[in-house]
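The values are calculated or read from the model by the stated rules, or taken from the named source; none is laboratory data. On a predicted model such as this, the values are computed, not experimentally measured, just so you know. When we count neighbours, we look across all protein chains shown, and the Cβ atoms used for this are built from the backbone with ideal geometry, even at glycine.
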Amino acid sequence: MLTNQEAKEIIKSTVKQSIIDFAQRSLNKKAKFQILDLIIPKERKIRSIVGGLETSLGTTLWEPLAKALASKNGFEVINKNLESPVNMPSNLSNTLQNIIDERKRNSRVYNAISSRDEIKRVCQSFLTRPIDSFESAPKGFGVDIWLKKDNVNYFFDTKTVQPNIGNYSKFVEQILNWYAFFYSRFPDQRAEARIVFPYNPHNKVFWDKTMGKGKPLERDNEGWVENQFWNFCSGLEDTYSLIVESFTELRESKELEADLDKILS
């Protein structure tokens with residue numbers, strides 16, 4: 001089991017390497033000339049890197065950090081994506097769409113658990129009549145993080161901590177499609193899926209402050225905030241505080257700053 005200090009070392013090394021790798025990729029791209037390049041070229045590069053990092057925190061930072069912590073906590077990290085049936089059978093397609101419609105209407109016909117269980121039930125017919133053709137999942141339905149432990153598959157996607165109200169319906173649709181993709185191929189296995197908000201930007205409970213209280217996404221069973229996710233990955237308590245401490249120590253040590261200066265010079 002990880003200790004707090006071991007976790008902090010993993011966090012610092014992962015964060016540092018992720019940011020350096022992103023900066024190098026960003027600078028390797030051929031940028032369009034802007035007049036400010038003649039006056040403050042270094043500052044322009046920094047702005048470009050920071051702006052790009054802000055919009056890609058999920059794949060650039062949170063995803064590798066979650067995988068690094070989970071791999072030290074007994075999880076198998078599966079570095080591939082779910083695939084969808086080339087032609088989804090009509091019974092599954094109709095069930096999936098019906099559940100999505102009911103969930104978006106907040107009709108209470110289905111909740112997070114019954115939605116998943118009904119999709120899995122319909123997929124049991126594929127045990128005797130397997131689907132033989134799969135393809136890459138449609139754009140927008142990918143899985144950022146796929147972990148496995150104790151014969152349970154866990155699917156996660158990290159999201160901006162301040163989503164628009166319409167995004168929550170899309171999140172529910174994303175999760176339900178994950179279940180349909182997975183159980184159509186592995187009807188006898190187990191899966192759990194969550195949308196992850198890596199930190200809470202509010203001084204109050206995240207769900208009380210977010211748009212529409214997150215509906216139709218169901219808190220806890222479909223949406224995790226901050227330590228719900230990080231503690232799950234690490235097996236430790238209050239892992240988010242370790243992340244904050246690690247960020248602070250990286251800043252104070254100036255080691256990341258020194259490495260970035262070398263890249264920018």
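Observations, loosely collected:
- Taking segment 215-252 as the range and being in a loop (DSSP other than H, G, I, E, B) and among the hydrophobic types (A, V, I, L, M, F, W, C) as the test, the residues that pass are LEU217, LEU236.
- Test: residue in segment 142-165 that is at pLDDT below 95, in the same structural domain as HIS202 (by TED's automatic domain parsing) and more than 15 Å from the chain's Cα centre (by Cα): yes
- Yes/no for LYS139 being assigned by TED's automatic domain parsing to the domain that holds GLY212 and either under 29 Å from PRO201 (Cα atoms) or not in a loop (DSSP other than H, G, I, E, B) (or both): yes
- Failed item, numbered, when LEU96 is tested on (1) at pLDDT 95 or above; (2) touching a strand residue (DSSP E or B) at 6+ places or on another chain (Cβ under 7 Å): (2)
- Contacts under 6 angstrom Cβ, first residue in segment 182-204 being surrounded by 22 or more Cβ atoms within 10 Å (Cβ to Cβ) and among the hydroxyl-bearing types (Ser, Thr, Tyr), partner assigned to a loop (DSSP other than H, G, I, E, B) and modelled with pLDDT of 95 or more, 6 or more apart: SER184/ILE131
- Boolean, LYS67 is in a helix (DSSP H, G or I), in contact with an Asp or Glu (Cβ under 7 Å, 6 or more places away or on another chain), of a type in the set (D, E, K, R) and at pLDDT 95 or above: no
- Matching residues in segment 80-118 - criterion: being of a type outside the set (Gly, Ala, Ser), touching a helix residue (DSSP H, G or I) at 6+ places or on another chain (Cβ under 8 Å) and closer than 28 Å to CYS233 by Cα: LEU82, GLU83, ARG116, GLU118
- Test: residue in segment 186-193 that is in a loop (DSSP other than H, G, I, E, B), among the aromatic types (Phe, Trp, Tyr), out of contact with any helix residue (DSSP H, G or I) (no Cβ under 6 Å at 6 or more places or on another chain) and at pLDDT 95 or above: yes
- Residues in segment 61-112 that are over 19 Å from LYS149 (Cβ atoms), surrounded by 15 or more Cβ atoms within 10 Å (Cβ to Cβ) and among the acidic types (Asp, Glu): GLU83, GLU102.
- Some residue of segment 237-251 being touching a Phe, Trp or Tyr at 6+ places or on another chain (Cβ under 9 Å), of a type in the set (S, T, N, Q) and surrounded by 14 or more Cβ atoms within 10 Å (Cβ to Cβ): yes
- Between ARG121, ARG108, the distinction of being modelled with pLDDT under 95 and either part of a loop (DSSP other than H, G, I, E, B) or more than 30 Å from LEU61 (Cβ to Cβ) (or both) belongs to ARG108 only.
- Considering only residues in segment 114-128 that are touching a residue at least 60 places away in the same chain (Cβ under 8 Å) and exposed (fewer than 12 other Cβ atoms within 10 Å of the Cβ), the one that is nearest to TYR154 (Cα to Cα) turns out to be GLN124.
- If you go through segment 79-105 and keep only what is assigned to a helix (DSSP H, G or I) and of a type in the set (Val, Ile, Thr), you end up with THR95, ILE99, ILE100.
- Flag if PRO187 is of a type outside the set (Lys, Arg), in contact with a Cys (Cβ under 8 Å, 6 or more places away or on another chain) and assigned by TED's automatic domain parsing to the domain that holds ILE131: yes
- Neighbours by Cβ (under 8 Å, 6+ apart or cross-chain): first from segment 144-163, under 19 Å from LEU57 (Cα atoms) and in contact (Cβ under 8 Å) with a residue 24 or more places away in the chain; second in a loop (DSSP other than H, G, I, E, B) and among the charged types (D, E, K, R): TRP146/LYS80; PHE156/ASP144; ASP157/ASP144; THR158/ASP144
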